[in-house]
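Since the structure comes first, as structure tokens, the remarks are kept for the end.
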């Protein structure tokens, strides 16, 4: 799953990073190589640095770090009805959130190699973001989790999925808007070398994406997407029968068929981002102008223009249909499993809210 496939493929891929677009290693210690692999997902990472939405970079990292799947793009799109769940992947919701400042800084550093002059301001920005997010968005996330728990036993309709998707996009937009002043400050300090590094990371991520999801062998391409979808399905519903998995494979076809278009949109988004950061670096416009450029990019990201709009809509509809199909084939036992999952995540969210800005905020501010 950019800018964001991890805030609001990649958020997810927030926590895509809490567990779907501050910004996204602590320079030392375990934060750089978390002992628990779930910490990678908790910060918006899949397996290793750069594995989350390579098309969103720091402009969206803040969102990923805090509300991953709620802010995740393809994962969120496929499982937007269950988006809050990915936010808590691996039962690492609290762990991911409490380590979010380290993961956020690690992500940014991986993409631009933060300088000693940039580091204090970057850490302060991350601290501000987490303080705001804990107060402004965790309560709403708890409400979405509660709604998902209440509705998970009912038949699921496309309208229900769209409602959760709209909430996810709104949270992503709010997060992006809050982080925008700090993003602008960072962009104004980027060097040509840092931008080149960013381009290299995008290229590496794209190569991995093509190898996995655009494999020339149709069967392997389908298997890769199936495995990814099943990771999210099992996270919420538990195990699936062979018959159910076969039905999911059949429902997956439109998602697999649209892989080329999704990749083209991903690359176009990256190119727009690089164009933006290069313009800022070379012209050094006033901060207000940089923020205006970021707003335009935000709108471009959520509503691609021209021909890409049709591709974007087709991907969205395919993901919604798949979500509905999976939800409506589950058994009472699987629905009970999902209900229990949501309840645990609700409890974790409330526990995080009670911490009132501890952990990551104090740690980031102190460094």
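Need pairs with beta-carbon distance below 8 Å; first residue under 12 Å from residue 213 (Cα atoms) and within the stretch 256-269, second outside any helix (DSSP H, G or I) and modelled with pLDDT under 90; sequence gap 6+ or separate chains.
Once the first residue is under 12 Å from residue 213 (Cα atoms) and sits in the stretch 256-269, its partners that are outside any helix (DSSP H, G or I) and modelled with pLDDT under 90 give 262/5.
All but one of (1) modelled with pLDDT of 90 or more; (2) in a helix (DSSP H, G or I) hold for residue 285, so report the exception by its number.
Single failed check for residue 285: (2).
Kindly list, by first and then second residue, each pair from a residue in the stretch 141-160 that is more than 14 Å from residue 341 (Cβ to Cβ) to a residue that is surrounded by fewer than 16 Cβ atoms within 10 Å (Cβ to Cβ) and modelled with pLDDT of 95 or more, limited to pairs with Cβ atoms under 7 Å and residues at least 6 apart or on different chains.
Listed pairs, sorted by first residue: 155/328; 156/328.
Per-residue answers, yes or no, for (1) modelled with pLDDT of 95 or more; (2) within 22 Å of residue 326 (Cα to Cα):
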residue	(1), (2)
161	no, yes
171	no, no
174	no, no
179	no, no
201	yes, no
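Need a quick list: helices (runs of 4 or more DSSP H) entirely within the stretch 88-199 having at least 3 residues that are within 30 Å of residue 286 (Cβ to Cβ).
100-112, 119-136, 158-187
Of the residues that make up the stretch 231-240, is at least one modelled with pLDDT under 95, outside any helix (DSSP H, G or I) and under 23 Å from residue 312 (Cβ atoms)?
Within the stretch 231-240, not a single residue is modelled with pLDDT under 95, outside any helix (DSSP H, G or I) and under 23 Å from residue 312 (Cβ atoms).
Among the residues that make up the stretch 305-323, is at least one of them in contact with a helix residue (DSSP H, G or I) (Cβ under 9 Å, 6 or more places away or on another chain), more than 30 Å from residue 117 (Cβ to Cβ), in a loop (DSSP other than H, G, I, E, B) and at pLDDT 90 or above?
Checked against the condition, which is being in contact with a helix residue (DSSP H, G or I) (Cβ under 9 Å, 6 or more places away or on another chain), more than 30 Å from residue 117 (Cβ to Cβ), in a loop (DSSP other than H, G, I, E, B) and at pLDDT 90 or above, the stretch 305-323 yields no hits at all.
For residue 254, are the conditions met, namely being surrounded by fewer than 17 Cβ atoms within 10 Å (Cβ to Cβ), closer than 26 Å to residue 330 by Cβ and modelled with pLDDT under 95?
yes
For every residue, the table says whether it meets (1) surrounded by fewer than 16 Cβ atoms within 10 Å (Cβ to Cβ); (2) more than 30 Å from residue 148 (Cβ to Cβ).
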{"position": "282", "(1), (2)": "yes, yes"}
{"position": "298", "(1), (2)": "no, no"}
{"position": "313", "(1), (2)": "yes, no"}
{"position": "320", "(1), (2)": "no, no"}
{"position": "336", "(1), (2)": "yes, no"}
{"position": "344", "(1), (2)": "yes, no"}
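The values are calculated or read from the model by the stated rules, or taken from the named source; none is laboratory data. Remember, it's a predicted structure, so these values are computed and weren't measured experimentally. Reconstructed Cβ throughout: ideal geometry from the backbone, glycine too, with neighbour counts over all protein chains shown.
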